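The values are calculated or read from the model by the stated rules, or taken from the named source; none is laboratory data. These numbers come from a predicted model, not from an experiment. Reconstructed Cβ throughout: ideal geometry from the backbone, glycine too, with neighbour counts over all protein chains shown. Protein only, heavy atoms only, side chains kept; ligands, DNA and RNA dropped before computing areas. Shrake-Rupley method; radii C 1.70, N 1.55, O 1.52, S 1.80 Å.
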Amino acid sequence: MNKIMEMLKKDIQYIKGVGPKRLSLLKRLKISNIEDMLYHFPRDYENRSISKKIIEVQPGDQTTIYGIVVGTCQSIYVRKGLNINRYLLKDATGSITITFFNQPYMKNKFKPNDHLMLYGKVKKSFQGLEMINPIYEIMEANKVTMQEGIVPVYPTTEGLTQRQIIDIQKNIIEVVEEIVDYLPEDIVKKNKLCSLQFALKYIHFPTSLQQIKVAKYRLVFEELLLLQLALIKIKKKTIKQQKSIPLRNNEGIDVFLKRLPFALTMAQKAVLKEILEDLGKEVPMNRLVQGDVGSGKTIVAIIALYKAVINGCQGALMAPTEILAEQHYHSLKQLLEPLGIRIGLLIGSLTKAKKQQLSQEIQEGKIDIIIGTHALIQQTVNFYRLALVITDEQHRFGVRQRAILAEKGDNPHILVMTATPIPRTLALILYGDLDISIIDELPPGRKEIKTRSLTSEEKERVYHIAKKELRLGRQAYVVCPLVEESEAIEAKAATEIKEELAATYFSDYEVGLLHGKMHPKEKETVMKLFLENKIHILVSTTVIEVGVNVPNATMMIIENAERFGLAQLHQLRGRVGRGDFQSYCLLIHNNKSKIAKERMKIMEETTDGFIISEKDLEIRGPGEFFGIRQHGLPDLRIANLFKHMKVLKKVQSQVEELLKEDPYLTLEKHPLLKEKLEEKFKGFEGT
Ligand code: ADP
Ligand code: MG
């Protein structure tokens with residue numbers, strides 16, 4: 001570690017202004033050393049350098065004003081998509097209207113006589129002068145607490161004020177003078193970037209908006225550059241150094257396909273062809289299969305696994321939940337065991353002895369295909385001759401987990417499957433280390449799932465419709481409200497609903513229960529009974545979200561549907577419509593807000609996963625839609641994969657050029673960059 005690095009790694013507790021209490025608050029923000037603090041960037045800025053008396057304010061001004069609230073909030077619902085909250089503000093010189101459009105939470109936010117400081121844009125309207133959607137602070141009477149000038153606004157946590165963060169930043173900022181840029185000069189010049197020193201200083205303490213822009217650009221650029229480099233390095237590493245077992249024998253695959261109860265769709269055939277070709281090579285396959293819910297990814301995976309076995313090798317299939325692993329286990333058994341292929345299921349809930357026995361059999365090659373959850377990578381399973389690893393519902397698996405798995409066996413071929421539809425440009429970055437195949441077609445004869453949203457007052461009708469289906473011999477799911485971060489509360493709610501339904505509406509039927517707190521053995525039993533139509537209605541939490549396949553189930557009832565994201569509703573809905581019967585999705589919702597209604601409408605109108613994910617993005621914004629972590633990438637502090645798409649494109653071509661010139665970053669101008677990359681992505685590669 002060089003001297004500067006040492007300095008940057010200095011514990012934040014030694015900085016003036018950081019006592020034990022602040023230290024623990026900073027920890028909550030994941031700040032533990034000087035570097036973390038420097039890279040704790042403002043999420044916004046307020047330009048308070050200009051403040052005006054109300055009488056001086058002109059239309060078009062972007063300015064700060066001070067004043068006192070006169071009277072109460074005037075709250076107006078204009079039409080769908082437009083609600084307004086207005087206040088009147090006055091100072092000694094005059095008065096001005098303060099208007100918040102579409103910020104319903106601003107209703108009654110201020111009380112009469114509140115002293116406010118506001119910063120925002122002024123325009124002329126029917127109200128006279130009006131400040132629209134300003135940033136505000138309620139002040140103690142006559143006491144100005146805010147800083148003047150361009151003031152950063154930091155992400156923070158309860159108990160830590162903006163002022164305190166600014167003070168700490170002030171105490172460390174001189175460190176910046178010592179920092180050496182790790183981007184080589186040619187890259188800095190070519191992309192017109194400012195120096196790292198400049199960027200770090202002015203991102204925190206700008207004196208003009210231009211400085212912010214320049215600093216931000218540089219920091220976004222470098223963050224994306226490091227990310228891109230890391231991803232490509234992973235890809236290179238897998239491609240360069242590794243040799244897989246080429247699986248050249250295709251004998252029997254055609255016969256196998258003919259024996260299936262259905263013919264593959266064109267899309268399935270095309271993707272399968274790509275996969276079979278990849279498998280025949282010595283270069284390990286590294287492929288992502290993206291296909292909407294119900295597009296038939298599983299059978300493609302099964303054929304790939306079959307190919308591994310007829311080539312004298314083993315295959316592994318990983319699923320994100322035990323339920324899904326078990327389901328795959330049963331499908332594979334049904335299709336492959338008659339052909340003499342031996343299949344094993346390795347999940348966390350097995351007894352120790354059972355696990356040991358299985359591991360033994362895997363190691364001795366007595367099992368050809370092994371199916372499991374993360375248990376597969378956590379346990380010290382040694383394979384006899386592992387040639388192919390498939391992970392289902394990839395969005396639940398990180399890059400790191402994949403990497404660990406890849407290290408098992410002799411550089412197995414890797415296939416990952418996901419139903420999360422991501423715009424292609426984005427997929428290329430997120431899965432930059434993978435080749436991509438898309439199944440963009442559903443099996444024929446699928447009837448479009450009819451989706452209706454109903455309010456909770458109409459619940460009886462919902463159950464009535466469900467009963468009709470049950471009488472026809474079909475089955476139904478009832479999904480209970482999502483409770484963020486509390487499986488226990490979720491489980492309790494599900495239990496209550498199950499008991500109520502069993503005692504009232506559906507007393508003539510068998511009602512089952514499934515939630516995350518149940519013992520895996522119990523879960524398995526319930527799923528088995530449901531699959532055999534011995535349970536008619538399955539009350540469940542979102543544990544059934546991914547992959548579960550019971551074709552006879554035709555009703556998906558979702559309680560409190562407004563609490564789910566659209567992509568998630570789409571996943572849930574995908575549990576029905578898997579057989580030949582007309583299926584239904586009934587969304588019960590309580591929320592009468594405009595957004596909730598709009599979302600329900602989207603669900604009613606389309607079953608196309610790509611459209612839904614795009615809408616979801618539009619409504620919720622990328623932040624929520626896209627847990628970066630979910631994809632196994634490190635947190636981005638300043639770059640945004642959506643907002644900075646253009647920068648990203650530049651970065652991509654820059655990285656390409658860089659690696660062409662110096663593939664291993666060994667040139668004299670690159671050691672700092674290399675060091676930075678290694679430090680930043682320690683653990684990321686799983687090495
Ligand atoms: P997903 O892509 O969501 O994982 P599955 O692989 O579970 O979808 O497939 C959904 C259902 O469609 C399964 O019951 C499967 O047997 C069936 N299926 C798959 N491919 C076809 C096909 N080409 N024709 C008819 N049914 C198919
Ligand atoms: Mg699936």
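The table that follows gives values for the structure above.
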{"read-out": "Per residue accessible area in Å² of the range 262-388, where ligands, DNA and RNA are left out and the probe is 1.4 Å", "value": "37"}
{"read-out": "MRE, 222 nm, helices only [DSSP H, n ≥ 4, -39500 (n - 2.57), over the chain, to nearest 500]", "value": "-12000 deg cm²/dmol"}
{"read-out": "By accessible area with a 1.4 Å probe, ligands and nucleic acids excluded, highest first: order of H670, H519", "value": "H519, H670"}
{"read-out": "Listed residues T542, T391 arranged by accessible area, highest first, probe 1.4 Å", "value": "T542, T391"}
{"read-out": "Linear extension gain, T93 paired with E679, 0.36 nm per residue minus alpha-carbon span", "value": "205.2 nm"}
{"read-out": "Using alpha-carbon coordinates, inclination of helix 645-661 to the longest axis of the chain, degrees", "value": "70"}
{"read-out": "With all protein chains modelled, accessible area of F581 [1.4 Å, Å²]", "value": "80"}
{"read-out": "Label-point separation in nm, E605 to I4, each point 7 Å along Cα→Cβ", "value": "5.3"}
{"read-out": "List K21, K333, K297, K660, ordered by accessible area with a 1.4 Å probe, largest first", "value": "K660, K21, K333, K297"}
{"read-out": "Farthest toward positive dipole pole in the chain [+1 Lys/Arg, -1 Asp/Glu at C-beta], among L470, I34, H515", "value": "I34"}
{"read-out": "Inter-probe distance in nm under a simple model that places probes 7 Å from Cα toward Cβ, at N533 and N171", "value": "7.1"}
{"read-out": "Hz values of 3J(HN,Hα) by residue in the range 191-208 - Karplus curve (6.51, -1.76, 1.60), Gly and Pro given as x", "value": "9, 6, 8, 7, 6, 5, 4, 4, 4, 5, 6, 7, 5, 8, 10, x, 10, 8"}
{"read-out": "Note, ³J(HN,Hα) from phi for the range 250-264, Karplus 6.51, -1.76, 1.60, rounded to Hz, x at Gly and Pro", "value": "10, 4, x, 5, 4, 4, 4, 5, 5, 7, 5, x, 9, 8, 5"}
{"read-out": "Additional length obtainable on full extension of the chain from K669 to N590, 0.36 nm per residue less Cα span", "value": "22.4 nm"}
{"read-out": "Listed peptides 573-579, 340-346, 55-61 by packing density, highest first (mean Cβ within 10 Å)", "value": "573-579, 340-346, 55-61"}
{"read-out": "5 angstrom amide H check on H589, placed H, neighbours 5+ away", "value": "L454, T455, S456, A561"}
{"read-out": "Peptides 226-232, 65-71, 27-33 ordered by average Cβ neighbours within 10 Å, highest first", "value": "226-232, 65-71, 27-33"}
{"read-out": "Gain in span if fully extended, S125 to S75, counting 0.36 nm per residue against the direct Cα distance", "value": "16.3 nm"}
{"read-out": "For a label point 7 Å along the Cα-to-beta-carbon line of A488, residues of the range 348-369 with backbone N under 18 Å", "value": "none"}
{"read-out": "Normalised contact order of the chain, rounded percent, pairs of Cα under 8 Å and 6 or more residues apart", "value": "12"}
{"read-out": "Amide H partners (placed H, <5 Å) of D114, local residues excluded", "value": "V69"}
{"read-out": "Share of carbon and sulfur in the accessible heavy-atom surface of the chain [1.4 Å probe, %]", "value": "51"}
{"read-out": "At R0 = 45 Å, FRET efficiency that the Cβ-Cβ distance of K649 and Q13 yields, to 0.05", "value": "0.60"}
{"read-out": "Efficiency of FRET from Cβ geometry, K468 and E364, R₀ 51 Å, rounded to 0.05", "value": "0.45"}
{"read-out": "Accessible area (Å², 1.4 Å probe, nearest 10) - E46", "value": "20"}
